[in-house]
Structure formats: C-alpha cells, structure tokens
Amino acid sequence: MACLDRVVIVGLVLLACGCGGAPSRFAGLDKVQARALAQEMAAQREGELAADLQSAFAARPPRNVLVLSGGGADGAFGSGVLEGWRDLPGGRPQFDVVTGVSTGALMATFAFLGERPDDRALREVYTKTSDADVHDGPFTWGAPDSVFDTGPLERLIAQYVSAQTLARVAAAHRGGRRLYVATVDLDAGDLVIWPLSKIACEQGPQAVERFRKILLAAAAIPVVFPPVRIDGDLHVDAGLREAVFLRRAMLGMSKAYDATRPHDATAPPVVWAIVNGRLEIDPQPVGDNLIDIGTRSLGIYTQSLEFLSVREIAHLAAANRPAFGFRYASIPAALDDEVPNPEPLGPMFEPRRMSRLYAAGREMSRRGQAWHEGPPPADEDPSSLEMARLSQLQR
C-alpha cells in the first residue's frame, strides 16, 4: 500500500503541470458514442476470454487456481511463500489458472511456470531490486505523464521475460493451463483481462514485445509511473478497480464437472490467494494537514478494496458448482511490525527489507503457517458464518 500512498503526494505536485500525449480513440466522441465504443470493446474482450477458457476447461475442470495481489515491493512476501510451499509434504500444486494484479502480474508468469529456476528468478527480483532498477527520476520531464520514468523496469522485465520464457508459457497453454493479468484502460474506464498464455502462443518478436508491454502496464501505478499505450488506449495498474481478480468461468464449466464427477478426488478444488500486504487496517495518529489526511485516506481505501476483493473471490469460489475451497496468505501483523512499510517519500524498493519479507514468507510457508481457510473475517456477519459452515462441510 505504501506505493499507492505516495500517489496523493506526487499528485498534488503535478496539479500545476500540464500533461500532453497522443489523442485517444474516444477523442471527439459524444457520451453516447463513447459508451457504445466502450461496450463494443468490452463485449469483444469478454467473448475472447470465454472462448479461451472454453478451449481449456470444456472437457476437464481446473483443480488449483492461484490469484496474486498487488503490493509493490511486498511481492517479496508472496514470492517467499511460493518457494517455501515447494518444501511442504506433497509439494506445491501445478496451477491450472494464475491471475495477477500489479506486482502480482509481474510474479504471475513465474508462479505459472512453477519450476525451481522460476523460483530463483522471483527470489532475485524481490530480494535484490532497488529503486534504481525500477525507475528514473523523480520528475523526468521527458515523460510529463508521471513523476517517475520506468525505463529501468522495462529493461528488468526484458531481462527475465525472454522468447524462451514465452515458449514455456505457450507449451503450458497448449497443455490446457491459463495465465491472465489485468490492467485498467484509462480511456474506457474498464478492467482489461489479458490472456498472456494465449499471447505467448503467437510467437515471434511482436508477441514478446506485447507480452512485456502488458506487464509494464500492469505495474504502472497511476501518476507515479507512466501509463502504457496499448492498442490506442492508455493502460495502468488494475488496482484502481480490483486488488485481485477471478471470473466464474475460470473455475471451469459445469458440463466438465458432470463428466468427471465419478473420477473426482475427495478433496475439493481450491482457489489460492496470495495477498502481498496486510488485510487489517491499524490505528495510527493522523496529522491535521493535507498530506497526512490524503495519504491516510488513500491507504484506508486501497486496503479496504483489497480486503473486499479477496472476500468477493472467496464467495465466488464457495458459490461455484461444485464449490471450491478457498485459502489465502497475507502478511501477518507481527511481521508487519518487524518489517514496517517505507515512509511515503522514502525508497519504494529496499533490498534488505525485501529480503526479510521474502525469508519470512518462505519460512511461514515451509512450516505450513502461511494459509488461512475461508474469507478473511469481517466481524460476525452472516456471510462469514455461512462460509465457515461451508468450509466445515467440505472437510
């Protein structure tokens, strides 16, 4: 959340700055025309996503689904959880579907591939990366659409996401597995789900460039980092709309479950959610000034969005036919106290702090202490009690 908190600070500085850029495809349209264009674009994307999922799960249902949240440098925690998970009895499952938002989008490719070299790549990125590896600036005036320039992050993505990486993703796609990340289309105002494993199958340098560009856009914190123009529109971090994402069709088709029910294992399929941050909001003193009020308010908002997004996915999993189990991992309060978030104007990526988060996540996972069952509780509301009842029935 610390990365988003600084949006308020840098946004105030930019209020006096004029920003330019290429015209949008929505330029010159009245409201009715703009809505019609946005609806047409959304319908096309929904149709393509449905077809992609149908081709994977029409005949067989998914068993393990992984969703990865944003959180900036706190992705070190989730990366550690993934590596430590491998050491548990039975090991880490192979995921049929992986989705990612923001830093989770950057993690998603390697979590999807799931081999030890992929764990090493995550460990390197999330324990050795500093601000200089992610951005130039602040105030690189050649890029007036943001405070920082992400040329270094673009090069870092290129270093780890090669043509060989895409070939492996494509092979997994042909095997019936699916990888998705999300951005927000600023022009349309919509969440866009990108079928990365399908894009990897297109092959060639254009596919590699497009794959990398989508990852860069997925990590583009608005105002802080520049948006990325894809297919004529500006795209940014999907955390504006959803902190984690899942769609019902990603849990399979009912006909596939009906066909395979006699052969199903006794354990239910599971949605696993890794939250790269805290789900609880701690009390703290707030100064009576614009910066403190703004950063605290945005922090509460973004943390609440993450909490509600995780609960929504838990309920989606429980309501599916058949019901999926739901497990989530998040940074516990004790660890957050030991490794506090950086100051709003301090470094975003500090290798020593990230290494400690990584080691803690790995150790919690190895001990089987990382995962919680059911949705994160919101007092004793009826939905929480019902989810607890369903979890007991599934055991």
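The values are calculated or read from the model by the stated rules, or taken from the named source; none is laboratory data. Fair warning: this is a prediction, and the values are worked out from it, not measured in the lab. As a convention, Cβ positions derive from the backbone with ideal geometry for all residues, glycine included, and neighbour counts pool all protein chains shown. The protein model used for the area step is the full one, side chains on, heavy atoms only, and it has no ligands, DNA or RNA in it. Shrake-Rupley method; radii C 1.70, N 1.55, O 1.52, S 1.80 Å.
Scanning region 188-201 for residues that are more than 29 Å from residue 162 (Cβ to Cβ) and either among the basic types (Lys, Arg) or surrounded by fewer than 20 Cβ atoms within 10 Å (Cβ to Cβ) (or both) turns up 189, 190. Every listed requirement among (1) among the aliphatic types (A, V, I, L, M); (2) part of a loop (DSSP other than H, G, I, E, B); (3) out of contact with any Pro (no Cβ under 8 Å at 6 or more places or on another chain); (4) within 30 Å of residue 64 (Cα to Cα) is met by residue 317 save one, (2).
Contact map, region 278-294: residues that are closer than 30 Å to residue 371 by Cα and open to solvent by less than 100 Å² (accessible area, probe 1.4 Å) paired with residues that are in a loop (DSSP other than H, G, I, E, B) and of a type in the set (A, V, I, L, M), Cβ distance under 8 Å, separation 6+ or inter-chain. Pairs shown: 278/1; 278/331.
Within region 19-47, the set of residues being outside any helix (DSSP H, G or I), open to solvent by less than 70 Å² (accessible area, probe 1.4 Å) and either at pLDDT 80 or above or farther than 18 Å from residue 186 by Cα (or both) comprises 24, 26, 27, 29. Condition check for residue 94 on (1) modelled with pLDDT of 95 or more; (2) within 30 Å of residue 341 (Cα to Cα); (3) part of a loop (DSSP other than H, G, I, E, B): one failure, at (2).
Among the residues of region 48-86, those identified as open to solvent by 40 Å² or more (accessible area, probe 1.4 Å) and in a helix (DSSP H, G or I) are 48, 50, 51, 54, 55.
In region 233-277, what residues are in a loop (DSSP other than H, G, I, E, B), modelled with pLDDT of 90 or more and surrounded by fewer than 21 Cβ atoms within 10 Å (Cβ to Cβ)?
Those that are in a loop (DSSP other than H, G, I, E, B), modelled with pLDDT of 90 or more and surrounded by fewer than 21 Cβ atoms within 10 Å (Cβ to Cβ): 241, 247.
Does residue 166 satisfy the condition of being more than 28 Å from residue 40 (Cα to Cα), out of contact with any Cys (no Cβ under 6 Å at 6 or more places or on another chain) and touching a residue at least 40 places away in the same chain (Cβ under 8 Å)? Yes, satisfied.
Condition check ((1) polar (S, T, N, Q); (2) within 20 Å of residue 92 (Cβ to Cβ); (3) over 22 Å from the mean Cα position of the chain (by Cα); (4) at pLDDT below 90) across all residues:
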position	(1), (2), (3), (4)
299	no, no, no, yes
303	yes, no, no, yes
310	no, no, no, no
327	no, yes, no, no
342	no, no, no, yes
350	no, no, no, no
357	no, yes, no, no
360	no, yes, no, no
368	no, yes, yes, no
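The single condition among (1) modelled with pLDDT under 95; (2) under 17 Å from residue 68 (Cβ atoms); (3) not basic (Lys, Arg) that residue 195 does not satisfy is (1).
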